[in-house]
Amino acid sequence: MKKLIYVTFVLFAFTACKNNQEKETGEEIVETEQVPDMHTSQIALDWQGVYKGVLPCADCEGIATEVKLNDDQTYTIERVYLGKDDQAFKEAGAFKWTEDGGSIVLKEKVKGSPTLFKVGENYLLHLNQDGEKIEGELAEMYMLRKE
């Protein structure tokens, strides 16, 4: 019985050493399981709070925007169209995280289409309807800063 345990141990140790050598020399490609990156904005950042900024506007001076994100995954958003009317447009609701945990989707009733923001360290970056970063000369203006 002792011999069987000893032989099993030796075979196991030999197999482990052989696999390590193959990985180092590259003789055999060994597939390893990908471990998901657990450092998403949802998990790693202190995303709750109030974010403010002035977003670009096609027919006004800008859209003063304030977004408040709450721990319970609810939000409030307030917009004032500068140079048009001082009336604030407010909405509240629930938001959800994208599958990768890096962006949020506000399901707004008034606009009809969802509003997407990439969540970064102390900022929200307004994304286009496809969830992509807005490019061009005004790209830097699509950011709301955390207060």
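Only the coordinates and a few stated rules stand behind these numbers; no lab work does. Keep in mind the model is a prediction, meaning the values are calculated, not measured. Note that we place each Cβ from the backbone using ideal geometry, even for glycine, and neighbour counts take in every protein chain shown.
Judged by the mean number of other Cβ atoms found within 10 Å, the most tightly packed of the peptides 60-70, 45-55 leads the ranking 60-70, 45-55.
Counted by Cβ distance under 9 Å from Gly93, the other residues give a net charge of 0, where Lys and Arg count +1 and Asp and Glu count -1.
Across the range 63-74, computed HN-Hα scalar couplings (Karplus, 6.51 cos²θ - 1.76 cosθ + 1.60, θ = phi - 60°) run 10, 5, 10, 10, 10, 10, 9, 9, 3, 7, 6, 10 Hz from first to last residue, x flagging Gly and Pro.
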